[in-house]
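Trainee: Have a look at this one.
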Amino acid sequence: MRDEFAPPPPERPSYFKNWLSLTGAITATGGMFAFVFLVAIDTFAHETNPYIGILTYLVAPVFLIFGLAMVFAGWWVQRRQASRRPVAGGSQLLAIDLSRPTHRRYLAMFGSGALLFLLLTAFGSYQTYHFTESVTFCGATCHKVMQPEFITYQHGAHARVSCADCHIGSGASWYVKSKISGIYQVYGTTFNKYERPIKTPIKNLRPAQETCERCHWPEKFTGNLDRSYVHYLSDKKNTPYTVRLSLRVGGGQPGNGFFGGIHWHMNVANRVEYYASDRQHQTIPWVRITSTATGEVRVFRAGDFQGEPPAGSIRVMDCMDCHNRPAHAYQTANQAVETGMALGKIGTALPGVKKAAVEALTKEYATNAQAIEGIAVALRKKYGAAEEVAPAIAAVQRIYQEDFFPQMKADWRAYPSDIGHKDWPGCFRCHDDKHHTADNNVAIRASDCTACHTILAQGRDDELTRLAPQGMEFKHPGGGLDPDLLCSDCHNGGIQGK
């Protein structure tokens, strides 16, 4: 039986009672708090953010582990000091006596600092969460090598859609795949091993049905679109020449509208597959079309291609096979200059300004600064100090800054655009009258242009008032053409374009 008047047993020393361990405990608590807070944000957020995984499962645990490491580091240091200089009571460096004003003051300061740390952790986690949703995070902070894509994205039709929505989408599986595929990209960026220009298309991009079709509902792609394409000839008068088209978008379902047209390729009643022999999908020697309703299969081959494509090389056609530059479209030199002329930024009173501006844009420049100076020198040399020259120079320089990136060797020439068929083969990759079935009875036709569009009016200003609802045959401003020529054989986005 213990004597009630006997002195209490000596207190067992605690080596965790030191400032280092206490600071580590606060840091670990902050890390755990951030982890729980981020999980709650991700759970109750209206939109998923694929980058939240970086913060939740990588950044927050780092603080937690670092804090725990500090706790045990303090324990180890304290225990080591106690073994060297044994002191009664365990040689505790941290002893709090609330009867002392100094201890109360220090404890209040430490508690206030700990509370402030937790509040800053919550605020920082919330702000960081939203920053990872921003385009700046992808385009400027994390991927500076992507400057051309970042700038063209800002001027594109999808400038309000975040990068992750298209490149990753929702769900953890594609987030993990994108991060794994990005490991080499991190290495390349860090050690300056990336390609110039960045190669396209991205082979591991998520299928368009899981990204694009979250907003663009293919079953509702019906009806026609009225479009006018304003051009200027490369003559001294900068003669305007406009083509007004009715684009037969089509697609959809038979019960909802016109069934066919351009989006016939994406209709659920058809499955279009193809094999491209080059990386950029510009040469397509093999096409297979399957009717999902009847099961009929037709295979078309072009040229000397025989047999079947290599295993694993067949691609199912989706949105990206035509809309291959949906967010990072580089305007051709012709297109950008003609747009500037149509908007009045490049004065058409300057003789042959279209040709002069395009020539200035397409010269070889080593840097952006060299291009800005070169454009100004070229146009001043041609037009002197005329009143319209200064605005034209500024407009052409702006075009270069938005569509030409010499350090990355990136402009329209590096990235084919498969919408239409003017500057790149586009539609004519398959619709060329050269893809035939094995018995040569059926071909993928090129001559039936009205399947996709109808020309309502064309020509100079006075000719555009005469609309032809039934359509008219295309009249090339340069006169008769060889029927075997493709548009892109002459129109390449440079000065040859008319």
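The values are calculated or read from the model by the stated rules, or taken from the named source; none is laboratory data. These numbers were taken from a predicted model, which means no experiment stands behind them. Methodologically, a virtual Cβ is constructed for each residue, glycine included, from the backbone with ideal geometry; neighbour enumeration extends over all protein chains shown.
Trainee: Let me confirm something: among Pro254, Pro285, Pro201, which residue is outside the structural domain of Phe404 (by TED's automatic domain parsing), modelled with pLDDT under 80 and under 16 Å from Val316 (Cα atoms)? Talk me through it step by step, then tell me what you get.
Mentor: On the way: Pro254 fails: under 16 Å from Val316 (Cα atoms); Pro285 fails: modelled with pLDDT under 80.
Step by step, each of Pro254, Pro285, Pro201 is checked, and only Pro201 is outside the structural domain of Phe404 (by TED's automatic domain parsing), modelled with pLDDT under 80 and under 16 Å from Val316 (Cα atoms).
Trainee: Every residue in the stretch 471-496 that is in contact (Cβ under 8 Å) with a residue 60 or more places away in the chain, outside any loop (DSSP other than H, G, I, E, B) and within 18 Å of Thr362 (Cα to Cα), please.
Mentor: Ser488
Trainee: OK, next. Identify all residues within the stretch 408-442 that are of a type in the set (Ser, Thr, Tyr) and within 17 Å of Gly493 (Cα to Cα); write none if there are none. Full working, then the answer.
Mentor: Step one: list which residues in the stretch 408-442 are of a type in the set (Ser, Thr, Tyr), which gives 415, 417, 437.
Scanning the stretch 408-442 gives Tyr415, Ser417.
Trainee: Restricting attention to the stretch 377-420, which residues are part of a helix (DSSP H, G or I), surrounded by 21 or more Cβ atoms within 10 Å (Cβ to Cβ) and acidic (Asp, Glu)?
Mentor: Matches in the stretch 377-420: Asp403 only.
Trainee: Ok, one more. Surrounded by 14 or more Cβ atoms within 10 Å (Cβ to Cβ) and either modelled with pLDDT of 65 or more or in contact with a Leu (Cβ under 9 Å, 6 or more places away or on another chain) (or both): is that true of Tyr194 in this structure? Walk me through it before giving the result.
Mentor: Details: surrounded by 14 or more Cβ atoms within 10 Å (Cβ to Cβ): yes; either modelled with pLDDT of 65 or more or in contact with a Leu (Cβ under 9 Å, 6 or more places away or on another chain) (or both): yes.
The answer is yes for Tyr194.
Trainee: So the check is Cβ under 9 Å with 6+ separation or different chains; which pairs have a first residue in the stretch 184-198 that's within 17 Å of Glu149 (Cβ to Cβ) and a second one that's at pLDDT below 75?
Mentor: Qualifying pairs under 9 Å: Gln185/His143; Thr189/His143; Thr189/Lys144; Tyr194/Gln185; Tyr194/Gly188; Glu195/Gly188.
Trainee: Which residues, taken from the stretch 453-471, are hydrophobic (A, V, I, L, M, F, W, C) and surrounded by 15 or more Cβ atoms within 10 Å (Cβ to Cβ)? Even if it seems obvious, please write down each step before you answer.
Mentor: Our first condition is that a residue be hydrophobic (A, V, I, L, M, F, W, C); within the stretch 453-471, this holds for 455-457, 464, 467-468.
Within the stretch 453-471, Ile455, Leu456, Ala457, Leu464 meet the criteria.
Trainee: Identify, please: which residue in the stretch 433-452 is of a type in the set (Gly, Ala, Ser) and surrounded by fewer than 13 Cβ atoms within 10 Å (Cβ to Cβ) and is, among those, nearest to Val299 (Cα to Cα)? Please lay out each step first, then the result.
Mentor: Here is the first cut: in the stretch 433-452, the ones of a type in the set (Gly, Ala, Ser) are 438, 443, 446-447, 451.
Add one more test, that the residue is surrounded by fewer than 13 Cβ atoms within 10 Å (Cβ to Cβ), and what stays is 438, 447.
Details: Ala438: 8, Ser447: 20 Å.
Among those that are of a type in the set (Gly, Ala, Ser) and surrounded by fewer than 13 Cβ atoms within 10 Å (Cβ to Cβ), it is Ala438.
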